[in-house]
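Trainee: Sharing a structure, written as structure tokens. Questions coming.
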Amino acid sequence: MNAYQALPDYIPLAMLNALAYCPRRFGYEFIYAEMLYNEHVIEGQLRHQGIDIHGMRWLSDSVQQRRVYVWSERLQIAGFCDIVEERDGKLYPVEYKKGRPGQWDNDRIQLCGQALCLEERTGQPIERGYIFYFSARRREEVTFTAELRRLTEETAAEAHRLATRGDLPPPTTQRARCRGCSLQPLCLPVETERLKTIRSDGW
């Protein structure tokens, strides 16, 4: 059985985040099922321990349901919302992240994927959601614009395409993304590109 034959029909929502951040990371984590752990990964898992518990929580102005499983048959994506918050009859997905707001769209794409799943399951429009960053100790509001929805749908389609091919994508050329990546010792982006250069030179 090859790697593709073992793949599930649905792409996990977390893998949309991985792909949007770096296609090669998606290849290692989803296609090859490789995962390395560093202090950042372990800290993120520990911070999620208090969140990854099913249950309801009633607040003064809202109701929170934790660890809600959602899926989209249209996009063939599935996964868990850390929290689905209901206020005034409207639903808002909430995602928890260890770090700080980044300059890339990967976290927002994951959250938007949750919203698209919720819309399909409930029939309700989801206008916005939130990402809580532990390091910043604040929520970031994310509006699900037409552009973000399109980008999320394209990411889901690309995830299925890459999974079907089963090939490991090349390293990203944006080296800033490699800093702090737990898969860098496995990916070896600089060494891989150097080896390609040597081979193209005929050495």
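Read the figures in this text as sums done on the coordinates, not as results from a lab. Note that the structure is predicted; figures quoted are calculated from it, not measured. Virtual Cβ from ideal backbone geometry, glycine too; neighbours counted across all protein chains shown.
Trainee: Please identify the chymotrypsin sites (Phe, Trp or Tyr not before Pro) of segment 133-166 that satisfy two criteria: DSSP loop assignment and at most 15 other Cβ atoms within 10 Å. Which are they?
Mentor: Of the chymotrypsin sites (Phe, Trp or Tyr not before Pro), the ones in loops of segment 133-166 whose Cβ has at most 15 other Cβ atoms within 10 Å are Phe134.
Trainee: Label segment 11-168 by shape, choosing from rounded, prolate and oblate, from the square roots a ≥ b ≥ c of the eigenvalues of the Cα gyration tensor; if a/c is under 1.5 it is rounded, and otherwise prolate applies when a/b is larger than b/c, oblate when it is not.
Mentor: oblate
Trainee: How many nm separate the modelled label positions at Arg179 and Glu154, each set 7 Å beyond the Cα in the direction of the Cβ?
Mentor: So the label points at Arg179 and Glu154 sit 2.7 nm apart.
Trainee: Here's another thing I want to ask about it. Based on the mean of other beta carbon atoms within 10 Å per residue, what is the order of 174-187, 110-123, most packed first?
Mentor: Ranking the peptides 174-187, 110-123 by packing returns 110-123, 174-187.
Trainee: Work out, step by step, the length gained on full extension between Glu86 and Glu193: first 0.36 nm times the residue separation, then minus their alpha carbon distance; give nm to one decimal.
Mentor: 33.7 nm
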